[in-house]
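Here the structure comes first, spelled out in structure tokens, and everything after it is commentary.
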Amino acid sequence: MNKRFFWGGSIAAHQCEGGFQEGRKGLAIMDKVTAGTYEKPRQIHEKCLEGYEYPSHTGIDFYHRYEEDIKLFSEMGFTALRISVDWSRIYPTGEEEHSNEEGLFFYRKVLTALRDHNIELIVTLYHFELPEAIVRKYGSWNNRKTIELYLKYCRTVFKEYKDIVTWWATFNEMNHLETKVKREHDELMSYMVTGLACSKSDPSEVDAVMARCTYNMTVASVMAIEEGHKINPDFKIGCVFGFEPFYALSCHPEDSVKALDCMEDEVVQIDAMCLGRFPERKIKEYKTRGFQVEVFPEDAGFFMRNRLDFIGLNYYASAAVGREPLEGETPDMYGGYHNPLLEKSSWGWTIDPVGLRYALRFFEQRYRKPVIITENGIGAYDELEDGTVQDDYRIEYLSSHFKEMKKAIKEDHVNCIGYLMWGPIDLISATTGEMKKRYGFIYVDKNNDGSGTLKRYPKKSFYWYRQVIESNGEKLDF
Ligand code: BGP
């Protein structure tokens, strides 16, 4: 493994910060989503109501405890941490003439603390954090006005931190719009990515709206790359995608074609940002389906001039598909079915370490770009006993994935330059809104109903990951 390999973790503002009414932060889309559980879906409210728990309001209180948390990451030997900046802390409604100094000051403190601990900063500019005023006033990414507002926000953040941040990601997982949202109009997923809940849109319009959001966000990403490189040509600007390899349910050739179709859906925007043009196959599809997607003549130039410096890969699971839907089976988050040969996590996510190697190879063959694994991990029920958690299951999950990542790097010569574990400290689950779905090396004493001391406790995996990092991925035993 390269000596400068990034070893660390990823967190997102709305899942950890809290302090939602502090520092003149505006209301963001996830501030209106309630807590839920695996069985009880999160609700999206028009306005925050009395008597409901909205987990983003308090998060794990990273807003006040970031110093303590960064110290713990440093004790594990992290060489990189991916955080997100919450747009609504910088421009509370998206439209202010001047940026919010308090918001910029907060992130400067966090970034400086990371720097002081020799932790490389990787900053995501949009991780499901959109000022809700933009949704109400302009209809979110369905309107090109949002591109303009996003670029203004990006310019502010790029300029403000140009001397301390090199690594940026324009968006997190916008590609879900082409998977679960397109196939099943998944409400929470469409809302997380755009602030528009599919089920609340006019059914005859919803596909066209999502197609426009897909296109506009993709253009916004390449435009932001251009802006960023103007501000500092040394910036490394990437984009983060959720990717699930699809296997064919049988060796029927058409099942294989179906699996390929599903993977192609997942990479529409990666193709656009790496290959220099928005995929022709999509433009044709939009036309055939009668959607009016506004394509400006200058867009082609932005795609051509601005390619990603790296790809961020969020990998959790693989899935299987066949020609026909499987009777009685519910498709997963990306629209695939559970592979009967593999185990599932307690939340039904397929556990497939080999899928990580497969995904890395797929990316290498298609794009030949550096890849950072920007998210991976397992959500599990943890028991705090005597001030720690014996989380052998987490260690087992991670070490099996590391073995496959190492094969991809050493045997397949994939250019993977870092591994960032999702949620190195327990935080709010995005899809279920609960605390009980824990990923971390550090346990946070907080319950689903918001109660708890918020005290932090290193788990067994904390010491194990430290040994992995210290040995640069060589010592995986425990
Ligand atoms: C990714 C998101 C993260 C994170 C992760 C795990 O798709 O980028 O924000 O939450 O999934 O999902 P969950 O928290 O629902 O377990």
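The values are calculated or read from the model by the stated rules, or taken from the named source; none is laboratory data. As the structure is a prediction and not an experimental result, all values here were calculated from the model. All Cβ positions, even for glycine, are placed from backbone atoms using ideal geometry, and neighbour counts span all protein chains on display.
Points to keep in mind about this one:
- Subset of the stretch 325-382 that is among the aromatic types (Phe, Trp, Tyr), modelled with pLDDT of 95 or more and more than 16 Å from the ligand (Cβ to nearest atom) - its residue that is surrounded by the fewest Cβ atoms within 10 Å (Cβ to Cβ): 362
- Criterion (touching a residue at least 12 places away in the same chain (Cβ under 8 Å) and surrounded by fewer than 15 Cβ atoms within 10 Å (Cβ to Cβ)) met by exactly one of 97, 102, 50: 102
- There is at least one residue in the stretch 166-181 that is in contact (Cβ under 8 Å) with a residue 12 or more places away in the chain, surrounded by fewer than 20 Cβ atoms within 10 Å (Cβ to Cβ), under 30 Å from residue 235 (Cβ atoms) and in contact with a strand residue (DSSP E or B) (Cβ under 7 Å, 6 or more places away or on another chain).
- Selection status of residue 37, surrounded by fewer than 17 Cβ atoms within 10 Å (Cβ to Cβ), touching a residue at least 60 places away in the same chain (Cβ under 8 Å) and of a type in the set (S, T, N, Q): yes
- One residue from 83, 29, 11, 90 being within 16 Å of the ligand (Cβ to nearest atom), farther than 24 Å from residue 454 by Cα and crowded, with 19+ Cβ neighbours inside 10 Å: 29
A quick yes/no check of all residues on (1) among the β-branched types (Val, Ile, Thr); (2) buried (at least 24 other Cβ atoms within 10 Å of the Cβ); (3) more than 24 Å from residue 290 (Cβ to Cβ):
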| position | (1), (2), (3) |
| --- | --- |
| 188 | no, no, yes |
| 195 | no, yes, yes |
| 200 | no, no, no |
| 203 | no, no, no |
| 211 | no, no, no |
| 226 | no, no, yes |
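- Check on residue 59, under 19 Å from the mean Cα position of the chain (by Cα), in contact (Cβ under 8 Å) with a residue 60 or more places away in the chain and under 14 Å from residue 13 (Cβ atoms): yes
This table checks each residue for (1) within 16 Å of residue 474 (Cα to Cα); (2) part of a helix (DSSP H, G or I); (3) in contact with a Cys (Cβ under 9 Å, 6 or more places away or on another chain); (4) modelled with pLDDT of 95 or more.
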residue: 398; (1), (2), (3), (4): yes, yes, no, yes
residue: 402; (1), (2), (3), (4): yes, yes, no, yes
residue: 406; (1), (2), (3), (4): yes, yes, no, yes
residue: 414; (1), (2), (3), (4): no, no, no, yes
residue: 420; (1), (2), (3), (4): no, no, no, yes
residue: 427; (1), (2), (3), (4): no, no, yes, yes
residue: 430; (1), (2), (3), (4): no, no, no, yes
residue: 433; (1), (2), (3), (4): no, no, no, yes
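- Check on residue 74, of a type outside the set (D, E, K, R) and either part of a helix (DSSP H, G or I) or modelled with pLDDT under 95 (or both): yes
- Leading residue by the ranking (surrounded by the fewest Cβ atoms within 10 Å (Cβ to Cβ)) among those in the stretch 383-396 that are in a helix (DSSP H, G or I) and of a type outside the set (Asp, Glu): 393
- Number of positions in the stretch 238-295 that are in a loop (DSSP other than H, G, I, E, B) and closer than 19 Å to residue 363 by Cα: 9
- Pairs where the first residue, in the stretch 400-423, is closer than 21 Å to residue 82 by Cα and the second is assigned to a helix (DSSP H, G or I) and within 16 Å of the ligand (Cβ to nearest atom), C-beta under 8 Å, 6+ apart: 401/356; 405/356; 421/398; 423/15
- For the stretch 153-195, taking the residues that are part of a helix (DSSP H, G or I) and polar (S, T, N, Q), the one that is farthest from the ligand (Cβ to nearest atom) is identified as 156.
- Within the stretch 393-440, the set of residues being in contact with a Pro (Cβ under 8 Å, 6 or more places away or on another chain), within 11 Å of the ligand (Cβ to nearest atom) and basic (Lys, Arg) is empty.
- Boolean, residue 388 is closer than 23 Å to residue 441 by Cβ, within 16 Å of the ligand (Cβ to nearest atom) and among the polar types (S, T, N, Q): no
- If you go through the stretch 115-152 and keep only what is more than 16 Å from the ligand (Cβ to nearest atom) and of a type in the set (A, V, I, L, M), you end up with 119, 121, 133, 134, 135, 147, 149, 151.
- Residue within the stretch 450-472 that is in contact with a Lys or Arg (Cβ under 8 Å, 6 or more places away or on another chain), within 16 Å of the ligand (Cβ to nearest atom) and under 20 Å from residue 66 (Cβ atoms) present: no
- Within the stretch 97-139, being in a strand (DSSP E or B) and of a type outside the set (Asp, Glu) holds for 121, 122, 123, 124, 131.
- Per-region count, the stretch 424-473, residues among the acidic types (Asp, Glu) and either touching a Ser or Thr at 6+ places or on another chain (Cβ under 9 Å) or free of Cβ contacts under 8 Å to residues at least 40 places away in the same chain (or both): 2
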